[in-house]
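Everything below concerns the one structure shown next.
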Amino acid sequence: AGAKFTWRLRERARPLELERDARPQGKGGALALKFRGVESRAEAEALRFGELRIAAGERLKLAAHSWYADELEGMNVLSPEGENLGRVAETDFSTANALLEVELADGRRVSVPLAGDFVAEINRETKTVRLTPRWKELTELLKINFMRCDFVTIFPQFYEGPLSQSLIAKARAA
């Protein structure tokens, strides 16, 4: 009891303090938590789907190769050669493989699996994440533009006028 947390859901955040230790609920391993100031079921349900993060001063020391989500957020992301590619904007531990949401220097975002195939090293001291050469496979996915091709293929009549004056029209005539 008394442990301090931050609850987050998208842009909303709220500090919470544990009033009573967690109690197991049912067979699924769920825990019931009681926070100070959360008095009704409706107030508790409003916290659903959010993320609880324990305050830094109350955390257990983690073993090597283990990190808290907010330790990773803000770290600089480096290429295998050491070039600064961007920063870790968010972490997502809700998937089978945890993901680092990396905001690249050009503003694009790419999700990088937090796995040895893509992440070579995470350094707490230098606050950096060094990627493996395989990270480039992920950036190739950003270059694909499906919608424009599908739209032209499925609904070519919408483009009759513009296409009749285009390179496509000239190619059809040849």
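The values are calculated or read from the model by the stated rules, or taken from the named source; none is laboratory data. From a predicted model like this one, the values you see are computed outputs, not experimental measurements. Cβ coordinates were reconstructed from backbone atoms using ideal geometry, including for glycine residues, and neighbour counts include every protein chain displayed. Surface areas here come from the heavy atoms of the whole protein model, side chains and all, with no ligands, DNA or RNA. Shrake-Rupley method; radii C 1.70, N 1.55, O 1.52, S 1.80 Å.
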Hey, among the residues in the range 5-31 that are surrounded by 12 or more Cβ atoms within 10 Å (Cβ to Cβ) and hydrophobic (A, V, I, L, M, F, W, C), which one's farthest from R53 (Cα to Cα)? A22
Does the range 76-88 contain at least one residue that is touching an Asp or Glu at 6+ places or on another chain (Cβ under 7 Å), under 17 Å from T128 (Cβ atoms), open to solvent by 70 Å² or more (accessible area, probe 1.4 Å) and modelled with pLDDT of 80 or more? yes
Is the range 15-22 home to any residue that is in a loop (DSSP other than H, G, I, E, B) and among the small types (G, A, S)? no
Selected residue [modelled with pLDDT of 80 or more and assigned to a loop (DSSP other than H, G, I, E, B)] from K61, K27: K61
Within the range 33-50, count every residue that is closer than 18 Å to A3 by Cα and in a loop (DSSP other than H, G, I, E, B). 6
Give the residue that is surrounded by the fewest Cβ atoms within 10 Å (Cβ to Cβ), with candidates limited to residues of the range 52-71 that are of a type outside the set (A, V, I, L, M, F, W, C) and closer than 21 Å to L33 by Cβ. G57
